[in-house]
Structure formats: C-alpha cells, structure tokens
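Down below is the structure, laid out as structure tokens.
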Amino acid sequence: MDAIILAAGLGTRLRPHTESTPKPLLLVQGRPILDWTLSALPSCIDRVIVVVEYLGQQIEEYLKSQRHIAAAEVVWQGTTQGTGDAVRKCANRLQGGSFLVLNGDDLYGAADLAELARQRAGLLVREVSDPERWGIAFLKPNGALEKLVEKPKGLQPPQLANAGAYVFPPDVFSTELQLSTRGEYEITDYVSAEARKGDVVPVRCNFWFPIGDVSAWQKSQTLELSRLMQRTD
C-alpha cells in the first residue's frame, strides 16, 4: 500500500525556524517530524511518496538516509496550488489500490493510522472544543461522513475535527477538482466527492497533534510520543 505525505508548505507560522529548514524536518525530541511520521505508518505501507517544493532537496536527502520505509521518493509539486493539487501530482506514481494521504507536519498515533489503512475510504477525526478553528466533519445517520465544513461558526462543542489523514480508493482521481474560493485545489473536495459516491468512514483517533506554530512545536518536545507513534502491527 502507498502513502502520500504532503510536505511542500512554507511553514510560515514557524518562522524563523523554517527559514533554512523545511517544516517536516524540524526536530521533535531529537528527531525530524517526518521521521516520527514514517515510524508510525502501518506495516502494510511499503512505499511512500513525499510531495515537496520549499527546501525540498533537504527532504529528498533525508529520505535517502531513513530506514523506516524501504521505498521512498519525492514528487515536486512545482507551483503550489493546494493540497488537492499535491495529491493528484502523485496519481501516475501510485501502484494501485487504496492509498493513505497525511499532512507532513502533524503527529499521528500509529494505532489510528493502522485502523485508517483498513478502510477503503476514510479520514481521521477527533473531538475538539473549538470547532471554529478546524474543518468539521458532519455525519450521515449511518455514521459515515456526509460533508466537511471549514471553520464553521456557531456550533456547540464538542465537534469532530478533520485531522488531515485520509485513505482514498484508486478511482478518486475520476473527480475533477475545481479551484476553491482561496484559489487552490482542495483535498477536502476529493473527500466530499467520495462521500457523495458512497461511505467514507470517520475513524476517531486517540492521538493527533498538529504542529501549526512555534508554541505547538515547543509543546511537542514534552509529549510522550514513543509509545503512541511506534508501529506495533
């Protein structure tokens, strides 16, 4: 099974630390964020594609030295036109079957990723008390995903936030993405299209830690990660 890791961003909210180091290579407890991610991938993942652009040569060099996944390569995004564009740039590199997609600057629990990988189509979600900060998952009566709404106002907490980790079926690229109001191609449009076609399973994760700014990065240095992010399957 393939996994795509999205790692092309500028890491603007982590400056000045990202001026010479790409965000996925910032150290957390002595290891790059990307190293933690690779070590947490389930054993069914035998190939990783990392989408890069900003300071991407550093990530490419890191992948040559890592020992978690035998087959790892980069895809250069070129003009960065959003997360949906980053995923579709990998379409001709995928080997077939469902595939994982992960944000390259978030920390995920290994057990949660293993459960996600068992689905044909799904996403990780987690309850949050501040729904206006996140993309929120709304569910169908059968518990499958109905839709994602970005940073909705006026919802009573808790709500289920989209954690930015997905599994897509191989036919996902039959959906033609349209530019969003932000002028980007959004990965969430792929998710919404799959939800209209059939069931997208929301997998409630036990651990998710997005490293969005300097304070979150600093907090990550004190988390108990070894047990949560160590592959056990």
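The values are calculated or read from the model by the stated rules, or taken from the named source; none is laboratory data. Source: prediction; values computed, not measured. Cβ placement follows ideal geometry from the backbone for every residue including glycine, while neighbour counts extend to all protein chains displayed.
For region 8-18, check the following and say yes or no: at least one residue is closer than 21 Å to LYS219 by Cβ, at pLDDT 95 or above and small (Gly, Ala, Ser).
no
A quick yes/no check of all residues on (1) in contact with a Ser or Thr (Cβ under 8 Å, 6 or more places away or on another chain); (2) assigned to a loop (DSSP other than H, G, I, E, B); (3) under 30 Å from THR79 (Cβ atoms); (4) not hydrophobic (A, V, I, L, M, F, W, C):
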{"residue": "PHE138", "(1), (2), (3), (4)": "no, no, no, no"}
{"residue": "VAL149", "(1), (2), (3), (4)": "no, no, yes, no"}
{"residue": "PRO157", "(1), (2), (3), (4)": "yes, yes, no, yes"}
{"residue": "VAL167", "(1), (2), (3), (4)": "yes, no, yes, no"}
{"residue": "VAL172", "(1), (2), (3), (4)": "no, no, yes, no"}
{"residue": "TYR185", "(1), (2), (3), (4)": "yes, yes, yes, yes"}
{"residue": "ASN206", "(1), (2), (3), (4)": "no, yes, no, yes"}
{"residue": "MET229", "(1), (2), (3), (4)": "yes, yes, no, no"}
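So for region 162-169 (the condition being in contact with a Lys or Arg (Cβ under 6 Å, 6 or more places away or on another chain), closer than 24 Å to ILE45 by Cβ and crowded, with 17+ Cβ neighbours inside 10 Å), does at least one residue qualify? Among the residues of region 162-169, at least one is in contact with a Lys or Arg (Cβ under 6 Å, 6 or more places away or on another chain), closer than 24 Å to ILE45 by Cβ and crowded, with 17+ Cβ neighbours inside 10 Å, which makes the answer yes.
Taken over region 37-62, the criterion of being of a type outside the set (Val, Ile, Thr), under 21 Å from ASN92 (Cα atoms) and out of contact with any Ser or Thr (no Cβ under 8 Å at 6 or more places or on another chain) is satisfied by CYS44, ASP46, ARG47, GLY56, GLU60. Only helices (runs of 4 or more DSSP H) whose full extent lies in region 1-104 are considered here, and the ones with at least 1 residues that are more than 26 Å from GLY122 (Cβ to Cβ) are 56-65. For ARG126, are the conditions met, namely being under 28 Å from LEU225 (Cβ atoms) and in contact (Cβ under 8 Å) with a residue 12 or more places away in the chain? In short, yes. The set of residues in region 170-208 being surrounded by 19 or more Cβ atoms within 10 Å (Cβ to Cβ) and polar (S, T, N, Q) consists of THR188 alone.
Counting only residues that are among the hydrophobic types (A, V, I, L, M, F, W, C) and in a helix (DSSP H, G or I), how many does region 113-136 have? Of the residues in that region, 4 qualify.
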